Amino acid sequence: MNKILLLILLLVPISSIYSSRDTLQIRNNDEILFVEKLNSPIELDGKLDESIWHNGSRFENFIQRDPNEGAPASERTIIKLAYDEKYLYLGAIMYDSAPDSIMARLTRRDEEVDADNIVLCLDPYNDKRSGYYFGLNAAGTQLDGVLYNDSWDDDSWDGVWEGKVYRNGEGWTAEMKIPFSQMRFNQSDSMVWGINFRRVVARKNEEAFLVFVPKNESGFVSHFANLKGFENISGGGQLEILPYITGKAEYLQFEEGDPFHDGKNYVPGVGADLKMGVGSNLNLNATINPDFGQVEIDPAVINLSDVETFYQEKRPFFIEGSTIFDFGMGGARNYWGFNWGGTDFFYSRRIGRQPQGSIPDDVEYSDYPGGTHILGAAKLTGKLGNSWNVGTIQNITKREYARISTNGVQSETEVEPLAYYGIFRAQNEFDEGQQGLGFISTLALRDFQDERLRDEINKNALTFGLDGWTFLDESKTWVVAGWAGGSYVGGNQQRIIDLQQSSRHYFQRPDADHVNVDSTATSLTGYAGRIYLNKQKGNFFVNTAFGFITPTFDVNDLGFLYRADVLNWHAGGGYYWSDPTDYYRYLELGGAVFQSYDFGGNTTSEGFYHFASLQFLNYYSANWNLGLYAETFNNNRTRGGPVTLNPAGYEVTLSISSDSRKDWVAGVGLGTYRFNPSYDWFAEASLEIRLLPNISFIINPIFQRTFEFAQYVDTYNDVTAAKTYGSRYVFAELDQKTFSSSIRLNWTFTPKLSLQLYVQPLISAGDYTNFKELSAPSSYDFMVYGENGSTFDPETNTADPDGEGPAQPLEIDNPDFNVKSLRGNAVLRWEYLPGSVIYFVWTQTRSEAEEIGDFKFEESMTRMVAAEPDNIFMIKITYWLNF
């Protein structure tokens, strides 16, 4: 008896540290958590030796979201929060019954990887819709980003904060030190923040939260618990300055006799970024002589369509805090689109892009700028009051010149005017996110010195749009969301003619009675909009939408639009089985019917689409899609000519991937698209090998075979072609084979020092045969040259549509191609002090092109590797100053 009493007395001091009266289980968002003020400094080492971590209230009793939804977490977690005037501190104990099995994988900051982690989620405004998250994995990798639209997140934001972890025999511990200056909030004497915590035990695929949100619920931030206890904290008025120096050395291929290039170019640079808190609610970012060079290069693509390729933004100034500029994407959780290209009112890569102006045809040599220099840029983002989210970006870009040489005489010609670009965005949220209303506006103004550019570039452009949402019930089950906007583009008559005839509009279509080219117009004004009705709470979901883009709508001065003249709708839904069974862990099935029209009444797409996602008990997963498409009309195949028919068709795709927790993760994907007689099929594979906890190798090869029965080649004016409105629309059968792969090696030495290697080989060959012309509008009928009285000479690619008749022969350029490209870069990143970084970047490109259509893999790989390279070396050193 005495021994038992002695044992109890010995255990009391230990167990009292984590006694039930000192810990809190959070069952709903009405619970209140308290943060405690520090009375002594903390040494940030992850060990939790300070007394503050072992006194007062702590939070535990996490609830699983996966794999056993609603069950208590299998491993114990205890969390404590503290603060002083400038910092918020977190101390977390992650107990583990098998500490030797903790998955501690060291990666670059914010890289998604299966590893144990702890994440703090905050809603400083307590607006129930937005916030920040800060996390550490068991190897010390930092995770952070912003939360928005209640259930979405974005990891492009990188705050300046510190965190440490420590492994021991009972699990692991973590400490975070987060400056209040990195967050925006309404400063008052009685602040209430929203808060939640997430813990991942990777080997179990377990995700647990302090505030548990069921999978069939809607939202995330709106469920947070309340955090109180802050007094006299300082968040606004902070000033951060990030001066930097850059150096670039370019070793590029050049042509003999080129007076502008000798193969070497050295470019030094210096500048500074500024970030200042305007009160506690707004951030002002400004930059002087900005360096907007990308660290990672864009992938190579073969684009045979009539629309431009969309590239993701990779420049930190534009991607950090960019969610405020998302337009038409609030309230609803999912925004489906079936053959709805959509509209982006703001596409930041328009700013600083390669100049748009041409150079004279008789130029022998030229030095054309690779981009437009940004003289200065400023960005203001944050909140006004309790509910207005605001953001604006202001940019001025430099007048750019190309150096040219003709007959030995060198000169300069303007290729991009001096320009101003402004973006304005605001959104007001009402009743804790039940409703929202916002607007966006963009403005582009250009100043030309060379009158020639007025024919090639818009003089000015203005857009304005309204967006918003309203939930139809208090539980936020049903939501109506949408947007509407207008655009204005101004320029001289020739510029507006060219714009009307561009691939976005094709007003010159001879059989279209709803559009025509106005040769006297000096502006273009259009409208667009889309409305959604979604059910997004519960296992059964609904997604419906209707949208329109008038023929004259155009936002491409500062936005991105594939094509105007669209009316589109879909009605869809599905069911999500979130409870594991004897066969799977979760299953989602969904589908939709859809149609698209142009404003002339032509049905341009129509069909049914089914999708599915499945996770097996062994954590393998599968996804498949099925599309069935009716016969419709195509109003762009002839590139401004009459409409043609789209044959009926179908598509099937399937992808399978293995357990992502393993050191070897494999995946395979197969798919085919068939619109008889055209077809397309692809096969891809992926393999990720984690050589060590801090080294991963990823390869993703893909092979694609495309046979296009009617690939556009060219248009020839011919008054004898009466059936096709005085023009001959020439097509060919295209047999295209493409191989490409992305290859990555990530080597993370410490949480602050990493090396990333990226390589992308690409080989694509296209063989054009059976040249032909469209026989009649609104059909899929063609006359093959060499048949029905026509002739074709394969040696010269000369076709005569009627042999001895009055039609003139057509000289067709050889469109066959064989493109070989090898792109890669290496990036060494070292954060030598908080917020201060040194980059070393090496970029290499090799390319070769021939006018042959044969696909010879081995020969092409050999020639690709043997091609002469372009090498660019860059160093950038930044130093973070905080006042």
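Residues in region 37-58 that are modelled with pLDDT under 85 and touching a Phe, Trp or Tyr at 6+ places or on another chain (Cβ under 7 Å): 1 in all. Just to verify a result, which residue in region 84-122, among those that are in a loop (DSSP other than H, G, I, E, B) and over 27 Å from residue 690 (Cα atoms), is least open to solvent (accessible area, probe 1.4 Å)? Among residues in region 84-122 that are in a loop (DSSP other than H, G, I, E, B) and over 27 Å from residue 690 (Cα atoms), the one least open to solvent (accessible area, probe 1.4 Å) is 84. Checked against (1) open to solvent by 40 Å² or more (accessible area, probe 1.4 Å); (2) in contact with a Pro (Cβ under 6 Å, 6 or more places away or on another chain), residue 373 passes all but a single condition, namely (2). Among the residues of this structure, residue 605 counts as one that is within 19 Å of residue 307 (Cβ to Cβ) and touching a strand residue (DSSP E or B) at 6+ places or on another chain (Cβ under 8 Å).
Every condition in (1) surrounded by 14 or more Cβ atoms within 10 Å (Cβ to Cβ); (2) at positive phi holds for residue 233 except the one numbered (2).
Would you confirm whether or not region 377-387 contains a residue that is in contact with a Phe, Trp or Tyr (Cβ under 9 Å, 6 or more places away or on another chain), farther than 30 Å from residue 262 by Cα and of a type in the set (A, V, I, L, M, F, W, C)? Outline the logic, then answer.
Here is the first cut: in region 377-387, the residues in contact with a Phe, Trp or Tyr (Cβ under 9 Å, 6 or more places away or on another chain) are 377, 379, 381, 383, 386-387.
Narrowing the set further to residues that are farther than 30 Å from residue 262 by Cα leaves 377, 379, 381, 383, 386-387.
Adding the requirement that they be of a type in the set (A, V, I, L, M, F, W, C) leaves 377.
Yes, region 377-387 contains at least one residue that is in contact with a Phe, Trp or Tyr (Cβ under 9 Å, 6 or more places away or on another chain), farther than 30 Å from residue 262 by Cα and of a type in the set (A, V, I, L, M, F, W, C).
Residues in region 125-184 that are basic (Lys, Arg) and under 29 Å from residue 430 (Cβ atoms): 3 in all. Taking the numbered list (1) free of Cβ contacts under 8 Å to residues at least 60 places away in the same chain; (2) under 30 Å from residue 802 (Cα atoms); (3) open to solvent by 30 Å² or more (accessible area, probe 1.4 Å) in turn, residue 767 passes all entries but (1). Annotation note: Cβ proximity below 6 Å between a residue of region 321-337 that is under 22 Å from residue 283 (Cα atoms) and open to solvent by 40 Å² or more (accessible area, probe 1.4 Å) and a residue that is in a loop (DSSP other than H, G, I, E, B) and hydrophobic (A, V, I, L, M, F, W, C) (sequence gap 6+ or interchain) occurs for no pair.
How many residues are within 30 Å of residue 188 (Cα to Cα) and either within 27 Å of the chain's Cα centre (by Cα) or not in a strand (DSSP E or B) (or both) when one looks only at region 380-410?
Number of matching residues: 13.
Checked against (1) under 30 Å from residue 800 (Cβ atoms); (2) open to solvent by 40 Å² or more (accessible area, probe 1.4 Å); (3) not aromatic (Phe, Trp, Tyr), residue 662 meets all criteria but (1). Just give me the residues in region 187-198 being open to solvent by less than 10 Å² (accessible area, probe 1.4 Å) and either of a type in the set (Val, Ile, Thr) or closer than 19 Å to residue 173 by Cβ (or both), in sequence order. If the condition is that a residue be open to solvent by less than 10 Å² (accessible area, probe 1.4 Å) and either of a type in the set (Val, Ile, Thr) or closer than 19 Å to residue 173 by Cβ (or both), then 195, 197 are the ones that fit.
For region 784-797, indicate whether the set of residues that are open to solvent by less than 20 Å² (accessible area, probe 1.4 Å), modelled with pLDDT of 95 or more and not acidic (Asp, Glu) is non-empty. Yes, region 784-797 has at least one match.
Could you go through region 607-627 and let me know if any residue there is touching a His at 6+ places or on another chain (Cβ under 6 Å) and of a type in the set (Gly, Ala, Ser). Among the residues of region 607-627, not one is touching a His at 6+ places or on another chain (Cβ under 6 Å) and of a type in the set (Gly, Ala, Ser), which makes the answer no.
When region 210-260 is examined, which residues are found to be more than 30 Å from residue 404 (Cα to Cα), among the charged types (D, E, K, R) and in contact with a Gly (Cβ under 9 Å, 6 or more places away or on another chain)? If you could, list the steps in order and put the result at the bottom.
Just the residues of region 210-260 that are more than 30 Å from residue 404 (Cα to Cα), to begin with: 210-245.
Narrowing the set further to residues that are among the charged types (D, E, K, R) leaves 215, 217, 228, 231, 240.
Selection gives 217, 240.
Please pick out the residue among 240, 206, 256 that is charged (D, E, K, R) and either more than 28 Å from the chain's Cα centre (by Cα) or crowded, with 21+ Cβ neighbours inside 10 Å (or both).
Details: 240 fails: either more than 28 Å from the chain's Cα centre (by Cα) or crowded, with 21+ Cβ neighbours inside 10 Å (or both); 206 fails: either more than 28 Å from the chain's Cα centre (by Cα) or crowded, with 21+ Cβ neighbours inside 10 Å (or both).
Unique residue meeting the criteria: 256.
Taking the criterion of being in contact with a Leu (Cβ under 9 Å, 6 or more places away or on another chain), at negative phi and of a type in the set (S, T, N, Q), the residues of region 777-814 that qualify are 779, 798. When region 533-552 is examined, which residues are found to be open to solvent by less than 30 Å² (accessible area, probe 1.4 Å), under 29 Å from residue 514 (Cβ atoms) and assigned to a loop (DSSP other than H, G, I, E, B)? Once the filter is applied, which keeps residues that are open to solvent by less than 30 Å² (accessible area, probe 1.4 Å), under 29 Å from residue 514 (Cβ atoms) and assigned to a loop (DSSP other than H, G, I, E, B), region 533-552 yields 550, 551.
Figure legend. Inter-residue proximity from region 152-171: first residues in contact (Cβ under 8 Å) with a residue 24 or more places away in the chain and under 28 Å from residue 101 (Cβ atoms), second residues part of a loop (DSSP other than H, G, I, E, B) and of a type in the set (D, E, K, R), beta-carbon distance below 6 Å, spacing 6+ or different chains. Indicated pairs: 155/110; 164/45; 166/47; 171/96. Taken over region 422-432, the residue count meeting the criterion of being open to solvent by 60 Å² or more (accessible area, probe 1.4 Å) and modelled with pLDDT under 95 is 3.
Does residue 341 count as more than 26 Å from residue 494 (Cβ to Cβ), open to solvent by 10 Å² or more (accessible area, probe 1.4 Å) and either not small (Gly, Ala, Ser) or not in a strand (DSSP E or B) (or both)? So residue 341 fits the description; yes.
Within region 610-623, the set of residues being out of contact with any Phe, Trp or Tyr (no Cβ under 7 Å at 6 or more places or on another chain) and crowded, with 18+ Cβ neighbours inside 10 Å comprises 611, 621. Counting only residues that are farther than 18 Å from residue 183 by Cβ and surrounded by fewer than 20 Cβ atoms within 10 Å (Cβ to Cβ), region 153-170 holds 6 of them. Considering only region 737-754, I want to know if a residue exists there that is under 40 Å from the mean Cα position of the chain (by Cα), under 23 Å from residue 299 (Cα atoms), of a type in the set (A, V, I, L, M, F, W, C) and open to solvent by less than 30 Å² (accessible area, probe 1.4 Å). Within region 737-754, not a single residue is under 40 Å from the mean Cα position of the chain (by Cα), under 23 Å from residue 299 (Cα atoms), of a type in the set (A, V, I, L, M, F, W, C) and open to solvent by less than 30 Å² (accessible area, probe 1.4 Å).
Quick check on region 379-401: of everything there that is within 26 Å of residue 123 (Cα to Cα) and of a type in the set (A, V, I, L, M, F, W, C), which residue is modelled with the lowest pLDDT?
Of region 379-401, the ones within 26 Å of residue 123 (Cα to Cα) are 379-393.
Applying the additional criterion that residues be of a type in the set (A, V, I, L, M, F, W, C) yields 380, 384, 388, 390, 393.
Values: 380: 91, 384: 83, 388: 86, 390: 92, 393: 94.
Among them, the one singled out is 384.
Going through (1) open to solvent by less than 30 Å² (accessible area, probe 1.4 Å); (2) within 30 Å of residue 330 (Cα to Cα) one by one, residue 353 falls short only on (1).
Can you tell which of 674, 690, 728 is of a type in the set (Lys, Arg), under 26 Å from the mean Cα position of the chain (by Cα) and crowded, with 17+ Cβ neighbours inside 10 Å? I'd like the intermediate steps shown before the answer.
On the way: 674 fails: under 26 Å from the mean Cα position of the chain (by Cα); 728 fails: under 26 Å from the mean Cα position of the chain (by Cα).
Among 674, 690, 728, only 690 is of a type in the set (Lys, Arg), under 26 Å from the mean Cα position of the chain (by Cα) and crowded, with 17+ Cβ neighbours inside 10 Å.
Looking across region 553-588 at every residue that is under 22 Å from residue 338 (Cα atoms) and among the β-branched types (Val, Ile, Thr), the one that is least open to solvent (accessible area, probe 1.4 Å) is identified as 555. Among the residues examined, residue 436 qualifies as more than 21 Å from residue 350 (Cα to Cα) and either of a type outside the set (Lys, Arg) or free of Cβ contacts under 8 Å to residues at least 60 places away in the same chain (or both).
When the residues of region 219-230 are filtered to those that are open to solvent by less than 10 Å² (accessible area, probe 1.4 Å) and not β-branched (Val, Ile, Thr), which remaining residue is modelled with the lowest pLDDT?
Of the residues in region 219-230, the ones open to solvent by less than 10 Å² (accessible area, probe 1.4 Å) are 221, 224-225, 227, 230.
Next cut, not β-branched (Val, Ile, Thr) only: 224-225, 227, 230.
Values: 224: 95, 225: 94, 227: 93, 230: 90.
That would be 230.
The values are calculated or read from the model by the stated rules, or taken from the named source; none is laboratory data. Computed from a predicted model, the values in this text were never measured in an experiment. Every residue, glycine as well, gets a Cβ built from its backbone with ideal geometry; the counts of neighbours run over all protein chains shown. With ligands, DNA and RNA removed, areas are computed over all heavy atoms of the protein, side chains included. Shrake-Rupley method; radii C 1.70, N 1.55, O 1.52, S 1.80 Å.
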